[in-house]
Amino acid sequence: MQKETVFTNLIREHQALLYKVTSIYTDNKEDQEDLFQEVVYQLWKYFDSFRNDAKITTWMYRVAMNTAITYIKRKKKRPDSVPIADVIIKQAEVKDDVIEERLRLLYRHLQSLNTLEKGLIFLLLEGKSYKEIAEITGLSASNVGTKISRVKKKLKTNMTNH
């Protein structure tokens with residue numbers, strides 16, 4: 001199979017993963033689409049450097065998250081942006097008012113986290129083990145555990161005080 005076909009199939013197969021990463025780091029659909037395109041470009045640019053010493057999804061998460069971090073450092077917030085909680089809730093088509101309000105609250109508090117904390121919680125919510133998170137972020141597994149514990153405590157404190 002040609003490189004382009006393999007890459008296209010890979011993106012098609014894992015586009016949900018990429019959209020999840022882009023949604024956690026953007027506040028509106030337009031920025032999410034821009035970031036998605038940038039992530040795909042970066043994946044293509046470094047596709048030849050993938051050495052199969054990790055799972056392909058681990059490599060994709062790493063590239064996507066690093067691209068997102070770089071993207072948001074360059075991007076200035078727009079005053080007319082839509083909060084991420086509204087985008088996520090509309091995408092999920094949640095009908096239950098209680099669940100909808102809890103999701104809004106959670107996403108509002110997630111937005112208060114710094115870039116690394118957002119990434120760690122996102123990967124944890126994706127069901128990644130500390131070892132997988134360590135591979136993606138480049139941190140040690142024990143450091144991941146410590147940081148996640150601190151972020152959980154921070155979120156719990158913030159959410160119970162509001």
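Scanning the stretch 106-156 for residues that are in a helix (DSSP H, G or I), of a type in the set (S, T, Y) and in contact (Cβ under 8 Å) with a residue 24 or more places away in the chain gives Y107, T115, T137.
Hey, among L120, L113, L105, which residue is among the hydrophobic types (A, V, I, L, M, F, W, C), farther than 18 Å from Y61 by Cβ and in contact with a helix residue (DSSP H, G or I) (Cβ under 9 Å, 6 or more places away or on another chain)? Can you show your working first?
Details: L120 fails: farther than 18 Å from Y61 by Cβ; L113 fails: farther than 18 Å from Y61 by Cβ.
Just one listed residue meets the conditions, L105.
Condition (residue is at pLDDT below 50 and surrounded by fewer than 12 Cβ atoms within 10 Å (Cβ to Cβ)) applied to the stretch 93-104: is it met by at least one residue? So far as the stretch 93-104 goes, no, none of its residues is at pLDDT below 50 and surrounded by fewer than 12 Cβ atoms within 10 Å (Cβ to Cβ).
For the stretch 39-66, a tally of residues being of a type outside the set (S, T, Y), open to solvent by less than 50 Å² (accessible area, probe 1.4 Å) and in a helix (DSSP H, G or I) returns 11. Residues in the stretch 24-37 include at least one that is modelled with pLDDT of 90 or more, farther than 19 Å from L110 by Cα and open to solvent by 70 Å² or more (accessible area, probe 1.4 Å).
The values are calculated or read from the model by the stated rules, or taken from the named source; none is laboratory data. It should be emphasised that the depicted structure is a prediction, and the values quoted were computed from it without experimental measurement. Note: ideal-geometry Cβ built from the backbone for every residue, glycine included; neighbour counts use all protein chains shown. Accessible surface areas use protein heavy atoms only, side chains included; no ligands, DNA or RNA. Shrake-Rupley method; radii C 1.70, N 1.55, O 1.52, S 1.80 Å.
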